[in-house]
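Chemist: Have a look at this one before I ask anything.
The values are calculated or read from the model by the stated rules, or taken from the named source; none is laboratory data. Worth saying up front: this structure is predicted, and the values here are computed from it rather than measured. As a convention, Cβ positions derive from the backbone with ideal geometry for all residues, glycine included, and neighbour counts pool all protein chains shown. Ligands, DNA and RNA are excluded from the accessible area calculation, which covers all protein heavy atoms including side chains. Shrake-Rupley method; radii C 1.70, N 1.55, O 1.52, S 1.80 Å.
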Amino acid sequence: MQQKILLLTALESELTASRAPSGIEVVFTGVGKINAASIATEAILRLRPDLVITFGTVGKINPAAHGLLDIAKVIQRDMLAMPLAERGVTPLSDEPAAYFSGFGDAVCGTGDSFVTARDEWLAASGVDVVDMELFAIAHACHRYAVPWRAYKYITDDANDDSHQDWTANVHLGETLFWDRLSKDYAGLQFVPRA
């Protein structure tokens, strides 16, 4: 089975594009929801992939989470439009408040802030990890009816030391990701795009 696969990640420090198997197009989105939404949309429309895979780093909210996670659900942690809508819900919109990949069991909360302190809402919402791009990518995939899958590597504990821990650990998830990808998609024929 041949599939066109688009691989999105925020930064070159997270992933070495030259390590991608033949047939996987790697595109870097930059940091944050706006960058991720615009680049993901452009790449989806240009490449017309059958599947979008995203890889990136995350901060840990759930103390039991560790290593490389397969994300099942993503929500917005910084949509704060109360009283027009509850936290995490975009007011006056028919778009979903959560997106589901169909894989894994971890929950990611996306927002345009680097989390460095405990947020009770995240824990109460069942969020395992936090990032700055996934909701925007999942939204673009939903809009253009492209399935998505997200792998996230935990670099820090989303606390006062997060920036130092992220810097020290940002590169550690890449090999785990490539190994996991080769296991999860061993049956696919990766073919270069025409």
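Chemist: Can you tell me the order of 103-109, 82-88, 92-98 when each peptide is scored by its average per-residue count of other Cβ atoms within 10 angstrom, highest first?
Modeler: The peptides rank, most packed first, as 103-109, 82-88, 92-98.
Chemist: Something else: Can you tell me the FRET efficiency between residue 183 and residue 105 if r is taken as the Cβ-Cβ distance and R0 is 22 Å, rounded to the nearest 0.05?
Modeler: 0.80
Chemist: Please work out the FRET efficiency for the pair residue 70 and residue 34, using the Cβ-Cβ distance as r and a Förster radius of 25 Å; give the result to the nearest 0.05.
Modeler: 0.45
Chemist: Under a 10 Å cutoff between Cα atoms, tell me which one of 78, 70, 131 has the largest fluctuation in the Gaussian network model of the chain.
Modeler: 78
Chemist: Additional query: Could you work out the percent of alpha carbon pairs in the chain separated by over 26 Å, rounded to a whole number?
Modeler: When all Cα pairs of the chain are counted, 27 percent exceed 26 Å.
Chemist: Highest mean first, what order results for 118-125, 165-172 on Cβ atoms within 10 Å?
Modeler: 165-172, 118-125
Chemist: Another question about this same structure. Given the options 81, 158, 150, state which has the largest fluctuation in a GNM of the chain using a 10 Å cut-off (strictly under) for Cα springs.
Modeler: Highest fluctuation among the options: 81.
Chemist: Using a 7 Å offset from the Cα along the Cα-to-Cβ direction at both residue 47 and residue 85, what is the distance between the two label points in nm, to one decimal?
Modeler: Result: 2.8 nm between the two label points.
Chemist: I'd like the FRET efficiency for residue 123 and residue 164, computed as 1/(1 + (r/R0)^6) with the beta carbon distance as r and R0 of 30 Å, rounded to 0.05.
Modeler: FRET efficiency, residue 123 to residue 164: 0.85.
Chemist: Okay, helix-only estimate at 222 nm for the chain: each DSSP H run of n ≥ 4 adds -39500 (n - 2.57), divide by all residues, round to 500 deg cm²/dmol; what do you get?
Modeler: -7500 deg cm²/dmol
Chemist: Here's something else I'd like to know. If we sort 22-29, 136-143, 177-184 on the protection proxy, mean other Cβ atoms within 10 Å, highest first, what's the order?
Modeler: Result, highest mean first: 136-143, 22-29, 177-184.
Chemist: Another one. Would you mind classifying region 105-165 by shape? Square roots of the alpha carbon gyration tensor eigenvalues, ordered a ≥ b ≥ c; an a/c under 1.5 is rounded, otherwise it is prolate if a/b is larger than b/c and oblate if not.
Modeler: It comes out prolate by the Cα gyration axes.
Chemist: I need to check one value: relative contact order of region 1-146, counting alpha carbon pairs closer than 8 Å and at least 6 residues apart, in percent.
Modeler: 27
Chemist: Once you have the Cα-Cα distance between residue 145 and residue 157, take 0.36 nm times their residue separation minus that, and quote the gain in nm to one decimal.
Modeler: Gain in length upon complete extension: 1.0 nm.
Chemist: Mind running the shape call on region 39-88? Use the C-alpha gyration tensor, a ≥ b ≥ c as the square roots of the eigenvalues: rounded below 1.5 for a/c, prolate if a/b tops b/c, oblate otherwise.
Modeler: Oblate.
Chemist: Let me know the shape class of region 83-134, please: from the alpha-carbon gyration tensor, a ≥ b ≥ c as square roots of the eigenvalues, rounded when a/c is under 1.5, otherwise prolate if a/b is greater than b/c, or oblate.
Modeler: Note, shape of region 83-134 comes out oblate.
Chemist: Using the heavy atoms of the protein chains and a 1.4 angstrom probe, tell me the accessible area per residue for the chain in square angstrom.
Modeler: Spelled out: the 1.4 Å probe surface of the chain, per residue, equals 48 Å².
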